[in-house]
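Following: one structure in structure tokens, then a few remarks.
Coordinate-derived values only; no laboratory data. Only a predicted model underlies this, so the values are computations on that prediction, with no experimental measurement involved. Here the Cβ is made from the backbone with ideal geometry for all residues, glycine too, and neighbour counts use every protein chain on show.
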There are 2 protein chains.
Amino acid sequence: MVGLILALDVMDRNRAIWLAREVSEYVDYLKVNYPLVLSAGIEIIRELSEIKPVIADFKIADIPYTSSLIARKAFENSAFAVICHGMAGSDTLKAVLDVSDEFGGEVYVVTELSSESEFLRKFSDEIAMLARDIGCHGIIAPATRAERVAQLRKIVGSMKILSPGVGAQGGSVEETIKAGADYIIVGRSIYTSDEPKAVARDIYERIKGLEV
Amino acid sequence: MVGLILALDVMDRNRAIWLAREVSEYVDYLKVNYPLVLSAGIEIIRELSEIKPVIADFKIADIPYTSSLIARKAFENSAFAVICHGMAGSDTLKAVLDVSDEFGGEVYVVTELSSESEFLRKFSDEIAMLARDIGCHGIIAPATRAERVAQLRKIVGSMKILSPGVGAQGGSVEETIKAGADYIIVGRSIYTSDEPKAVARDIYERIKGLEV
């Protein structure tokens, strides 16, 4: 059962709501990031949550106290999950996890980005172990490097793996699923299309076809 | 010439504006983070900028494209500078730096947090070198570990060093300045005080006293 997540990286409230409605039958979650939230206000999370559960991709990477405040703002506005950077350390992850527990929410941990970082890759395995050991709900692993998804799967066992970087960034739906991802995150290929619904349906069907 | 920065980590717009006005004669910059911006809207940066220049402490740590959008939102709303995580890698730092150049703004790079992270400390020296080599304007180095400020000073030469963690987190004004910081960042000690102006004045005078 592999799912599809729309990375809703547009800047306009109305377009975000329209896109979410268009693709809602094909996606499991909506992922929002700061460009949209800073443009439309954090209330956009609550509005979108009425269409599909929302993952607040805030890549939280602050000291524990501030990180917990950021996570609280997301959950208070009906987010289903938040994304936190593992590199911020175990104290920060635990602080965010405590807040998510209050709300019955989930925490997904960035192990490495879909872009290149000369630093993150050096300890993404350690971050995955930490996320697993303290009880986070999932990790973010790059579809742009399917071999890393496969390696991280060995570490995290049955935890959820969410993989961004499919489409515009070069990751392949098929290879990422084969490597062990539970959710494929797609953004630009859908929201910049003239027919976002058709593109979402196509990706959805490719995913389902692979499961047969 | 060491300066004082207020970390304006309150959640209420009116209180933020009031605090900024109270302490304005003693601080050089106001630093805002997501808890305030998510509560009050990003327009708070523009409002506060009329009192003192604002540093958007967004600890940007995303892929280059998204990071540039976040930086743009900050600068479009009159931020003077943004804070970016070095660990996101050189591509992200360069993308943020390109946006700051458009606006004549500055970019400060987190080398390590004032809290503990088992990961960040392993390559904070490398991050400082990267920030220096690509032309960022300053680094964030922890007042909670003054010896690290001193070591990072050797790497970054004449770049600005901004040091958070003074006061509530345990860092000392005197030791942090002695180690080579250009700006002391103070939050809770000022904004949770019954007399924020008096506390800001006291820290300001201690800083000036050390310069004599």
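Just a few scattered comments:
- For A:M11, inter-copy separations between label points set 7 Å beyond Cα along the Cβ vector come to 2.9 nm, shortest first.
- Summed residue charge, Cβ within 9 Å of A:H137's Cβ, Lys/Arg positive, Asp/Glu negative: 0
- Across the range B:77-87, coupling constants 3J(HN,Hα) worked out from phi with the 6.51/-1.76/1.60 Karplus curve, θ = phi - 60°, read 9, 6, 4, 8, 8, 10, 10, 10, 7, x, 5 Hz, and Gly and Pro carry x.
- Positive contributions from Lys and Arg (+1) and negative ones from Asp and Glu (-1), summed over other residues with Cβ under 9 Å from the Cβ of A:F103, come out at -2.
- Label points for A:D133 are taken 7 Å from Cα along Cα→Cβ. From this copy to the others they lie 3.2 nm apart, shortest first.
- Inter-copy label distances at B:D194 (7 Å, Cα→Cβ; nm, one decimal): 6.9
- Charge sum, other residues only, whose C-beta stays under 11 Å from A:A88's C-beta, Lys/Arg counted +1 and Asp/Glu -1: -2
- The alpha carbons of the protein assembly as shown stretch over 76, 41, 39 Å along the principal axes, in descending order.
- Choice from B:S49, B:S68, B:S39 with maximal GNM fluctuation in chain B (Cα, 10 Å cutoff): B:S39
- Summarising the amide proton neighbourhood of B:K59: residues at separation of 5 or more, or on other chains, whose placed amide H is nearer than 5 Å comprise B:I83.
- The range A:27-82: relative contact order in percent, alpha carbon pairs under 8 Å with at least 6 residues between: 40
- Per DSSP, loop GluC sites (Glu not before Pro) in the range B:17-120 with at most 15 further Cβ within 10 Å: B:E25, B:E50, B:E118
- The aspartates and glutamates whose alpha-carbon is closer than 18 Å to the alpha-carbon of B:K31, local same-chain residues fewer than 8 away aside, are A:D62, B:D9, B:D12, B:E22, B:E43, B:E47, B:E50, B:D57, B:E76, B:E106, B:E112, B:D182.
- Across peptide A:68-74, the mean count of Cβ atoms from other chains lying within 10 Å of each residue's own Cβ comes to 4.
- Inter-label distance for B:M1 and B:E25, nm, one decimal - labels placed 7 Å from Cα along Cα-to-Cβ: 2.1
- Helices in chain B, meaning DSSP H runs of at least 4 residues, each add -39500 (n - 2.57). Divided by all residues, the mean residue ellipticity at 222 nm is -14000 deg cm²/dmol.
- Within 10 Å of each Cβ in A:52-65, the average number of Cβ atoms from other chains: 5
- Per residue convex hull volume, Cα atoms of chain B, in Å³: 107
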